[in-house]
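Where a number appears in this text, it was derived from the coordinates with a stated rule and is not lab data. Quick caveat, the model's predicted, so the values are computed rather than measured. Don't worry about glycine lacking a Cβ; one is built from the backbone with ideal geometry, like all the others, and counts go over all protein chains shown.
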């Protein structure tokens, strides 16, 4: 319960950054996502590549005008997938997370790094999801939903070993209950 402050006594002082002792994000020891998650990404690419290759093969076989450009189409598809794989690998290497007493941090990005900090007292739901390929490597994705009415997870941490994902979910739910008491 908050105490009401009379308007004439209300103060909102400027806080000097020099006086605030907040650890730098760079100093935190982020936990990388599982290396096995790269295999999941590769399997997804392989499935997508097979579908795209099959569609382009059917198009080339049925349209004689397109058949003249089959080498260009094939090279274009290969270059497209190499670029996508390179960007995916960079993204994979940069994904990391950290749990602290009062918040969850998630870092990601390709060209720039984005760090999301979710206060635990704002978390309303924690979901664990297993994708088709992730199941083979016993990996899960943790979806963390916050107050604010958004339908999508505020943070999705992929590539977490399933056992750890359940421990993280249990930890977060117990902290949420503490904050609500």
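The table below gives the values:
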item: Cα centroid of segment 39-59 to Cα centroid of segment 101-119, whole Å; result: 31
item: Percent RCO, i.e. relative contact order, over segment 97-180, from Cα pairs under 8 Å lying at least 6 residues apart; result: 24
item: Packing-based ranking, highest mean first, of 85-95, 159-169 given that Cβ atoms within 10 Å are counted; result: 159-169, 85-95
item: Order of 39, 177 - criterion: other Cβ atoms within 10 Å of each residue's Cβ, fewest first; result: 177, 39
item: Inter-label distance for residue 50 and residue 117, nm, one decimal - labels placed 7 Å from Cα along Cα-to-Cβ; result: 4.5
item: Relative contact order [Cα under 8 Å, 6+ residues apart], segment 64-117, whole percent; result: 21
item: Options (i) 14.1; (ii) 9.8; (iii) 16.5 - which one matches mean projected area of the Cα convex hull in nm² as calculated here; result: (iii)
item: Residues 100, 156, sorted so that the one with the fewest Cβ neighbours within 10 Å comes first; result: 100, 156
item: Segment 97-180: C-alpha pair distances exceeding 21 Å, %; result: 29
item: Degrees, to the nearest 10: 70-94 long Cα axis against longest axis of the chain; result: 20
item: Potential lengthening between residue 180 and residue 71 on full extension [0.36 nm per residue; Cα-Cα distance subtracted]; result: 33.0 nm
item: Net lengthening on full extension, residue 87/residue 15 (0.36 nm per residue, minus Cα-Cα); result: 21.9 nm
item: Whole-number percent relative contact order across the chain, with pairs defined as alpha carbons under 8 Å at least 6 apart; result: 18
